[in-house]
Amino acid sequence: MTTESDGQLRVVANGKEAKGPAHIRRITQRDAILRGLKTGGLTVLAALCTIIIPGVHFLSVPGGLIAAPIVGVMVFLKSRGSIHGMSGSFPCPVCGKPNVMEYQEGKPPYFGSCTSCKDPYQVFPT
């Protein structure tokens, strides 16, 4: 699940900046907890799968069991409140023509090019 909110985006192209309205999706605390638990669980599962490998299991099983809660907490802290995706509209910083950025998933910055002048730009949430 994500939390949706309206905000601003900042566009940078050739050293020039422009701003516009944005629709931002952020990861909720509940989803961040689930991500952390899944990652920790997969770490434990990987450690337990190495029990059958002679020699390796002396290090991998205890190491995996110790690392699982640490990895789970790190994933939770990193993903809590982070941006899941964004969409918006803005004028091109170079030519001034209107552009629309369709919804993109992943971490910012987002990259694209102007529909008119074809100059590349980077989009950041503000």
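The values are calculated or read from the model by the stated rules, or taken from the named source; none is laboratory data. These numbers come from a predicted model, not from an experiment. Glycine gets a Cβ as well: all are built from the backbone with ideal geometry, and neighbour counts include every protein chain shown. SASA here: full protein model, heavy atoms, side chains in, ligands and nucleic acids out. Shrake-Rupley method; radii C 1.70, N 1.55, O 1.52, S 1.80 Å.
A few remarks follow.
- For the pair the range 20-76 and the range 81-126, the centres of their Cα atoms are 32 angstrom apart.
- Rounded tilt (10° steps) of 29-49 against the dominant C-alpha axis of the chain: 40 degrees
- Think of it this way: in the chain, Cys49 stand alone, with no other Cys Cβ under 4.7 Å.
- For the chain, lysine pairs with C-alpha atoms less than 24 angstrom apart, excluding pairs fewer than eight positions apart on the same chain, total 11.
- Alpha carbon convex hull of the range 5-87, volume per residue in cubic angstrom: 127 Å³
- Table column - 3J(HN,Hα) (Hz), the range 69-74, Karplus curve with 6.51, -1.76, 1.60, x for Gly and Pro: x, 5, 5, x, 5, 5
- Arg30 exposes around 150 Å² of accessible area when a 1.4 Å probe is run over every protein chain in place.
- Largest-first ellipsoid semi-axes for the range 43-97, taking √(5λ) over the Cα gyration tensor eigenvalues, angstrom: 46, 13, 8
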